[in-house]
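**Student:** Here it is, the structure, as structure tokens.
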Number of protein chains: 2
Amino acid sequence: MSTSDMVLVSIAEIRSIAQSALAKSGCDAENAAAVAGVMAAAERDGCASHGLFRLAGYLASLRSGKVNGTARPSVARLAPSVLQVDGHGGFAPLAMSLARDALAPLAREQGVAAAALVNVHHFSALWVDIEPLVQSGLVALCVTAYMPMVAPAGARKPFFGTNPMAFGWPRRGGETMIFDQASAAMARGEIMIAARDGHQLPPGVGIDAKGTPTTDPAEILKGAQLPFGGYKGSAIALMVELLAAGLIGQPFSFEAGAQDNQDGGPPRGGYFLLAFDPARFGDAEGWLAHAESLFQHLAGLEGVRLPGDRRAQNRARIASHGARLPAKLWEEAVRAAGAHPGRSRG
Amino acid sequence: MSTSDMVLVSIAEIRSIAQSALAKSGCDAENAAAVAGVMAAAERDGCASHGLFRLAGYLASLRSGKVNGTARPSVARLAPSVLQVDGHGGFAPLAMSLARDALAPLAREQGVAAAALVNVHHFSALWVDIEPLVQSGLVALCVTAYMPMVAPAGARKPFFGTNPMAFGWPRRGGETMIFDQASAAMARGEIMIAARDGHQLPPGVGIDAKGTPTTDPAEILKGAQLPFGGYKGSAIALMVELLAAGLIGQPFSFEAGAQDNQDGGPPRGGYFLLAFDPARFGDAEGWLAHAESLFQHLAGLEGVRLPGDRRAQNRARIASHGARLPAKLWEEAVRAAGAHPGRSRG
């Protein structure tokens, strides 16, 4: 795509337009704000695949009636260290916010605590979900399943979801180290964007519908993605299915795929979130400085970049310059919001 | 190695000889039995790299005085859902047994609970550590760091340990699904055995001391192993460092390497263990059958084998036929035990 097809938009404008579009399609104000917030956060951090690119899917799932845009999540305590947050068929962000608010004090009280999110429609980046917990000084781990997209190691058909996992560690001054990675070799959103833009992919990302390896993103979308790292990544994907679905009574990816109406929006499913208070594990005084020494040694190795470093750089740059979006994507969002496009070209 | 260099030995004999050898080198009866038990379990399951092959390292670390063969682990409750088990500088197996005994009822009470093992010397297979918890109906996850062996993605020098992770899920009738995998592309024990036997390795396992990719196991042992799956496996290795060391106040792999006396035995370090009671996560009645449906669909895909399937097959075969060991390895163990070799050749 040439730069003349791109526009430069501030994060506040992206959030505002997304919020209006969601509200026009059936979200109440709180849900619209929460969902627009996770898309804006992805754009702010330079992650196009989880940014405004997702708006069409969110809107489709409201229009089809699959997702309840006015759902109010509720929280229940299933065991001393276990919460269940029921999204009641709404989008995940509002339920996630409630889960964080309830989980943080519980993790501080118990040392470790879990939140099982059920009946949510999740479609966004995981680091956005856990960053507030990590900024507050907690260690966090989260996983979610999806719909069948990834062939287990040895197989030639999709069965696992892309099954992302994120892990976050608190650093000084509210800084964080968060990695967020699909169990698939590549995030599905990136493959969709490559297909849209006509780019080839590196080998190892996926296979076509006959099970033959290919670098054509369109063929992979009709075939199957591959797990990262062969059978070991496949085992991680299986663990994600078991935690985000099996443990908490939610559909596995293969079940979610069968139940979904294929409107292009997120399926209904579960999400598993764990938080640990590092002050309760035996090194309350030392853990922060100790981990900093690890990060310093690691970042000091030639060729190494800490997880999240590129995201932090993007955030600083985009905060001052705005996000560069495909003009067509922005115009569609503006149209969905019932507003008038008037952005300066980037 | 030709079959004439191999001997066939029963698991009971392996356990007995290992136990005698450990007792002769300074373990008390309980520690000797616990350590011999984990080596025998690895041989029973067909995992040579964590079986009697490890005896020499265990004995060396007793002789050097690095490990206290008569240590008695102790347990403390750091928070409502967090235990600390202190190995007081002994081998891990006795501390692990205490951790399991204390963690299982706590996980049932709290829904989720963690055990931080500190000041242990761990040298064995992780599936052996969690299998009793999983057989008792709990979901378990464990990780441990080691000494610097693995180059982080992009780096050319060892920094992470091999950093294994195991995850287990209970199945009907006390059966289990457990995967146990190093964050390295290949377990170090397998590379050591390939070097011993003069075998080449597949590409992607490691680099030589100059940072150049190689398939020669001896060169990799002098250089660095590589993580599985590139930067994603490297992120998993980082998470293991943070949980098994940073969170619980124990040395990172790079610190353990600097502290270790290089006697060939296990370094002193930490071990992180989590247990979940699936009856406390919202699907007490359904979780077992639900997960079985996942396993059945997965195993029904052409080309797929469930994690742990080969281990179960090995176990059935070796229980009736015995384990096939290099004759030299067996003779050295027998000699260390002060017994007389008299096994029939396999």
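**Student:** Nearest 5 percent is fine: what portion of the DSSP beta bridges confined to the protein assembly as shown is antiparallel?
**Tutor:** Here the share of antiparallel DSSP bridges comes out near 85 percent.
**Student:** Run the reach check for B:K24 against lysines, Cα to Cα strictly under 26 Å, same-chain hits fewer than 8 apart removed. What comes back?
**Tutor:** Within reach: B:K66, B:K328.
**Student:** I'd like the projected area of region B:1-135, averaged over all directions, using the convex hull of its alpha carbons. Report it in nm² with one decimal.
**Tutor:** 8.7
**Student:** For A:Y231, which inter-copy label distances result when the label point lies 7 Å beyond Cα on the Cα-to-Cβ vector, reported in nm to one decimal and in ascending order?
**Tutor:** 2.8
**Student:** Mean-square fluctuation check for chain A, GNM, Cα pairs under 10 Å: which of A:L242, A:L201, A:L78 is largest?
**Tutor:** A:L78
**Student:** Which parts of region B:77-94, residue by residue, lose 40 Å² or more of accessible area when the rest of the protein chains are there, as against the chain isolated (1.4 Å probe)?
**Tutor:** Listed by number, the residues meeting the 40 Å² cut-off are B:L78, B:P80, B:V82.
**Student:** Kindly state, as a whole number, the per residue volume in cubic angstrom of the convex hull around the alpha carbon atoms of the protein assembly as shown.
**Tutor:** Given the Cα convex hull of the protein assembly as shown, per-residue volume reads 144 Å³.
**Student:** Where only protein heavy atoms count, and the probe is 1.4 Å, what is the accessible area per residue for the protein assembly as shown in Å²?
**Tutor:** Result: 36 Å² of accessible area for each residue.
**Student:** Let me ask you something else. Under a GNM of chain B (C-alpha, springs under 10 Å), which listed residue has the highest mean-square fluctuation: B:S97, B:S16, B:S320?
**Tutor:** Sorting by GNM fluctuation, first place goes to B:S320.
**Student:** So for region A:184-283, Kirkwood radius off the Cα pairs, Stokes-Einstein at 4 °C and 1.567 mPa s: how many µm² s⁻¹?
**Tutor:** 83
**Student:** To continue, here is another question. Calculate, for A:A312 and B:Q313, the FRET efficiency according to 1/(1 + (r/R0)^6) with r their C-beta to C-beta distance and R0 41 Å; round to the nearest 0.05.
**Tutor:** 0.30
**Student:** Where in region B:159-195 is the amide nitrogen less than 19 Å from a point lying 7 Å along the Cα-to-Cβ axis of B:K222?
**Tutor:** Residues passing the 19 Å test: B:159, B:191-195.
**Student:** By how many nm would the segment from A:H88 to A:A299 lengthen if fully extended, with 0.36 nm per residue of separation less the alpha-carbon distance?
**Tutor:** 71.6 nm is the gain from fully extending A:H88 to A:A299.
**Student:** Separate question: Could you order B:R196, B:R77, A:R54 so the one with the most accessible surface comes first? Probe is 1.4 Å.
**Tutor:** Largest accessible area first, the residues go B:R77, B:R196, A:R54.
**Student:** What's the magnitude of the charge dipole for the protein assembly as shown around its Cα centre, counting Lys and Arg as +1 and Asp and Glu as -1 at the beta-carbon? Answer in Debye, nearest 20.
**Tutor:** 560
**Student:** Where a ≥ b ≥ c are the square roots of the eigenvalues of the C-alpha gyration tensor, would you call chain A rounded, which needs a/c under 1.5, or, failing that, prolate if a/b is larger than b/c, or oblate?
**Tutor:** Verdict is rounded for chain A.
**Student:** Go ahead and estimate [θ] at 222 nm for the protein assembly as shown from helices alone: -39,500 (n - 2.57) per DSSP H run with n ≥ 4, summed, over the residue count, rounded to 500.
**Tutor:** -12500 deg cm²/dmol
**Student:** Tell me: how much accessible area in total is hidden between B and A, 1.4 Å probe, Å², nearest 100?
**Tutor:** Summing both chains' loss of accessible area gives about 5700 Å².
**Student:** Applying 1/(1 + (r/R0)^6) with R0 = 45 Å to the Cβ-Cβ distance of B:Q262 and A:N261, what FRET efficiency is obtained, to the nearest 0.05?
**Tutor:** Taking R0 as 45 Å, the efficiency between B:Q262 and A:N261 is 0.15.
**Student:** Another one. For B:M192 paired with A:M192, estimate the spin-label separation in nm (one decimal), with each label point 7 Å from Cα along the Cα-to-Cβ line.
**Tutor:** So the label points at B:M192 and A:M192 sit 4.8 nm apart.
**Student:** Right, another one. Sequence gap at least 6, Cα distance under 8 Å: using those rules, report the relative contact order of chain B to the nearest whole percent.
**Tutor:** The normalised contact order for chain B reaches 24 percent.
**Student:** Checking the cross-link filter: which lysines have an alpha carbon closer than 30 Å to that of A:K210, excluding same-chain neighbours under 8 positions apart?
**Tutor:** In chain and number order, the partners are A:K157, A:K222, A:K232, B:K232.
**Student:** Rounded to the nearest percent, how much of the accessible area of the protein assembly as shown (1.4 Å probe, protein heavy atoms only) is carbon and sulfur?
**Tutor:** 51
**Student:** Any idea what the B:E109 label distances to the other copies are, label 7 Å down the Cα→Cβ vector, nm, shortest first?
**Tutor:** Output for B:E109: 1.6 nm, nearest copy listed first.
**Student:** Shifting gears a bit: Among the residues of chain A, which one places its Cβ closest to the rotation axis that maps chain A onto chain B, and what is that distance in whole Å?
**Tutor:** Smallest Cβ distance to the axis, with its residue: A:G229, 1.
**Student:** Something else about it: Explain nothing, just the number: dipole magnitude of region B:112-265 about its Cα centre with +1 on each Lys and Arg Cβ and -1 on each Asp and Glu Cβ, in debye rounded to the nearest 20.
**Tutor:** I would put it at about 340 debye.
**Student:** Among B:A153, A:P164, A:A218, which residue has its Cα positioned farthest towards the positive end of the charge dipole of the protein assembly as shown, with +1 placed on the Cβ of Lys and Arg, -1 on the Cβ of Asp and Glu, and the dipole taken about the Cα centre?
**Tutor:** Going by the charge dipole, the pick is A:A218.
**Student:** Could you give, in nm with one decimal, how far A:E285 is from each other copy of that position, shortest first, with labels 7 Å out from Cα toward Cβ?
**Tutor:** Ordered by distance, the counterparts are at 5.3 nm.
**Student:** With a 10 Å cut-off between alpha carbons and a GNM built on chain B, which of B:H121, B:H290, B:H88 moves the most?
**Tutor:** In this elastic network of chain B, the residue with the biggest mean-square fluctuation among B:H121, B:H290, B:H88 is B:H290.
The values are calculated or read from the model by the stated rules, or taken from the named source; none is laboratory data. Computed from a predicted structure; not experimentally measured. Neighbour counts are summed over all protein chains in view; Cβ atoms, including those assigned to glycine, are modelled from backbone coordinates with ideal geometry. Note: areas computed on protein heavy atoms with side chains; ligands, DNA, RNA excluded. Shrake-Rupley method; radii C 1.70, N 1.55, O 1.52, S 1.80 Å.
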